[in-house]
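Right, one structure below, let's go through it.
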Amino acid sequence: MRDLIPSDMKDNVFPVPIRYVDHLSDDVGASAPVIGAGLVVFVSDGLPVGQAYIEGSENLGALAARAVLPETIQHARNVMQAPIRNRDVSLLICTKDRPDELARCLASIPRQSLPPVEVIVVDNASAGDDTRRIVEASGATYVRENRVGLDYARNAAVRAAKTEFLAFTDDDVVLHERWLENLMKAFDRPEVGCVTGLVLPGELSTPAQLIFETHWGFGRGYKRRDFGPDFYRQSAPFVAPAWLIGAGASQAFRRQVFDDIGLFDVRLDMGAAGCSGDSEFWNRLLHHGGTCRYEPTAVSWHFHRKEMKGLAKQIRQYMSGHVAALLVQYQNTGNLGNLWRILVSLPKHYLQKFGKWLRKEATSDNIFLRDEILGCLNGAWYVLRRWKTPAW
């Protein structure tokens, strides 16, 4: 089944075009042209401010009226006009055996409107010497971490950095020129300990990439949102959905946060349980009274996996890490909402998906059902076997 194109995507023509349109251009007006299927992203002063995916043909002006909110444009302008008060920031990248993707990511850093004080690349036990050569050619600092696991690498990056703020991105990401500047501008209150940014798809060239973007993507919309004590308290009975905060591919922290609540839990993420080291850390920050902020003007592009086989593996890792993180969060906080999600919410969710699967409805939403369930079981087993393992 994983080799099939889901029934709800058979009419798509690949690659799916991604069009960037200035919302004030002549094309977005009373006589706006009709455009074909694809993803349309509207921009204002170079910053994305709204998007819409269309399957047929639609008038561009009508699409802009529906997708772009005046308050979103005003927020983007306010951020652009705000002074930069936080400049003491390191840019940190963790990588393993992806030299080409890393080179593409590093190439986007010199264009940053706010140059980082330092760029540190942590090589998480890559084979060969290509990663080192690429890092040294870019002028970044190379750090080797031989313990395999993304959170071992993240923690090595935190220890190596020397600045007040630490910004993380991934090796399969390209950064908007104002990404770092706008992340730093969002730290405008002392209680904001973490800021995440908008992550758009770098391409939608295959069914696997479209499935990921549709059901698993990193985009969190175009409105700034704060996740603080009220969010954590109100959602505690059913576990705070920290995964709504953003994506680990675009996040920044005050260094003080790591001093206060510890480092990333090495039982999570790639090389361990599979994923969710970032959302567990956000959950921990919320539990200790901090605030996480989603800032949509801090824009980057992620290049999703192209092959269905690779996406299936990624989804297993995502669900494995998700359940593992819930158990770690219960261990750390005693919040029974984490167990409620594992024992009640997720089984109910998968029973509904299984019903569709039995009816042979191979849609993009359930085509990886087996991988999701196996991932959940693996995550629970992984953490329970390491229940007393030190977190870092």
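Here are a few things to note about the model shown:
- The lone exception for His349 - which of (1) closer than 30 Å to Lys223 by Cβ; (2) in a helix (DSSP H, G or I); (3) in contact with a helix residue (DSSP H, G or I) (Cβ under 6 Å, 6 or more places away or on another chain) it fails: (3)
- Hey, Leu63 closer than 30 Å to Tyr222 by Cβ and either in the same structural domain as Val41 (by TED's automatic domain parsing) or out of contact with any helix residue (DSSP H, G or I) (no Cβ under 8 Å at 6 or more places or on another chain) (or both) or not: yes
- Taking the listed residues Glu191, Glu177, Glu181, Glu145, the one that is closer than 23 Å to Gln112 by Cβ and out of contact with any Leu (no Cβ under 6 Å at 6 or more places or on another chain) is Glu177, with no other qualifying.
- Within the stretch 135-179, the residues that satisfy the criterion of being among the hydrophobic types (A, V, I, L, M, F, W, C), over 30 Å from Ala82 (Cα atoms) and crowded, with 21+ Cβ neighbours inside 10 Å are Val135, Leu150, Ala153, Ala156.
- Pair list, Cβ < 8 Å and 6+ apart or interchain, from the stretch 313-324 residues that are closer than 7 Å to Cys275 by Cα to residues that are acidic (Asp, Glu) and at pLDDT below 95: Gly321/Asp269
- Residue tally, condition assigned to a helix (DSSP H, G or I) and surrounded by 14 or more Cβ atoms within 10 Å (Cβ to Cβ), over the stretch 50-64: 4
- Any hit, the stretch 256-277, residues being outside the structural domain of Val41 (by TED's automatic domain parsing), touching a strand residue (DSSP E or B) at 6+ places or on another chain (Cβ under 7 Å) and in contact (Cβ under 8 Å) with a residue 24 or more places away in the chain: yes
- Cβ pairs under 7 Å, 6+ apart, first in the stretch 158-184 and farther than 22 Å from Asp97 by Cα and not assigned by TED's automatic domain parsing to the domain that holds Val119, second assigned to a strand (DSSP E or B) and charged (D, E, K, R): none
- Residue list for the stretch 124-158, filter: closer than 24 Å to Gly197 by Cβ and either in contact with a His (Cβ under 9 Å, 6 or more places away or on another chain) or charged (D, E, K, R) (or both): Asp151, Arg154
The values are calculated or read from the model by the stated rules, or taken from the named source; none is laboratory data. Bear in mind the structure is a predicted one, so any value in this text is a computation, not a measurement. Don't worry about glycine lacking a Cβ; one is built from the backbone with ideal geometry, like all the others, and counts go over all protein chains shown.
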